[in-house]
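First the structure, in the form of structure tokens, and then the observations on it.
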Amino acid sequence: MCLYIVTSVVYRLSRGGHVVTVISCSSEVKAATFLQLLEYVYTGYQRLERVSWEMLDEVELLGQLFDIPQLVRHCHYFRTCNLAQARKTTAAVRGRFCDIIRNRFVNHMCLADTRFVVNGVNIPAHAPLLVARCDVMAVMLTGNSFCESRTRKVNLQDTSTEGFLALLEYLYTDSVPFSKTDPIDLLVLADRFCLPRLVALCEQHIAREVETIMKLGDEDLDLIGLLLTAQYHNAVQLHAWCLDIISSKFELISCRREFALLEGENLAYVEKHQFPSPSYLEEKEEYRKAVEADGHGQGRRWRLGRCSVM
């Protein structure tokens, strides 16, 4: 194969007014082989089990010419039937790709074609990646009925800059930077942009944080507020988990001011599953009153009446 695989680079203006780079390759480069290379560059994964041995050799050679050593090693491991090592290589490459994308593209102007304005802060972004990862953004940036598809400028209200940057990092890298933002803010954004997997990841993280705080003995958690937030933003698992926690701590939480916010199905569930049970609380109150009246012998008569042995 010719070493000079790129024969020309031309810049053209598309119908939408965007500059398109057209790269022509040598005739010795087959389209199917180059698509295999592109798939690896885009995803960090290569389904080599569906290619012929001849194409495998061509993909490996393209990997050498484009200086992609990870692809070359992947082809070698697949050829030698070392599938376990091939999987390890794939995992390592994906981690490295995530780092590269995070450092080069998240909140960086490099090849950016879209701009988000959050609290007066301009955040550059890349439409092809957003369209591929988020259906809401795909409609926003490609639909004819939205002005954002023409201006490539999106104004966002009612969100924090940190939260939106964390959302972008998730879309770009498929990893969630919980250390950089409030997980509840990120949960709200995930629901707003219809990202159910991110919602689930936020639910899991929030539940773990709440469990850790409860183990430390902090009783000032606003579990009612968390329950209502989860319900409003379609965090079904977190909502159910909060109901169970509130039910199990009914005696403590029912004395708080925010308990009055519980109503409808939420209140019915908590009252039905509360612990301790209503019968236990009634007997406890009866016993308390009897103990207070013990000086008059009523406490003794209560104990004798409640216990056949006594």
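The values are calculated or read from the model by the stated rules, or taken from the named source; none is laboratory data. Quick caveat: nothing in here was measured; it's all calculated off a predicted structure. Virtual Cβ from ideal backbone geometry, glycine too; neighbours counted across all protein chains shown. Surface areas here come from the heavy atoms of the whole protein model, side chains and all, with no ligands, DNA or RNA. Shrake-Rupley method; radii C 1.70, N 1.55, O 1.52, S 1.80 Å.
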With an 8 Å cut-off on Cα pairs and a minimum separation of 6 or more residues, tell me the relative contact order of the chain in percent. 8 percent
Nearest 10 degrees, 0 to 90: what angle lies between the long axis of helix 53-65 and the longest principal axis of the chain (Cα atoms)? 90 degrees
Mind grabbing the accessible area of Ile213 for me, 1.4 Å probe, Å², rounded to tens? 60 Å²
If packing is taken as the mean number of other Cβ atoms within 10 Å per residue, what is the order of 258-266, 128-136, highest first? 128-136, 258-266
Roughly what angle does helix 196-215 make with the longest principal axis of the chain, taking Cα atoms, 0 to 90 degrees, to the nearest 10? 40 degrees
0 to 90° range, to nearest 10: angle between helix 278-292 axis and the chain longest Cα axis: 40 degrees
In the set (i) 67, 37, 35; (ii) 107, 51, 28; (iii) 69, 54, 40, which value of Cα extents along the principal axes in Å was calculated from the structure you see? (ii)
On full extension of the chain, what length is gained from Ile100 through Leu61, given 0.36 nm per residue of separation minus the C-alpha to C-alpha distance? 11.7 nm
Under a Gaussian network model of the chain whose springs join Cα atoms within less than 10 Å, the largest fluctuation of Ala290, Ala138, Ala230 belongs to Ala290
What pairs from Lys249/Lys272; Lys215/Lys284; Lys215/Lys289 go past 24 Å between their alpha carbons? Lys215/Lys284; Lys215/Lys289
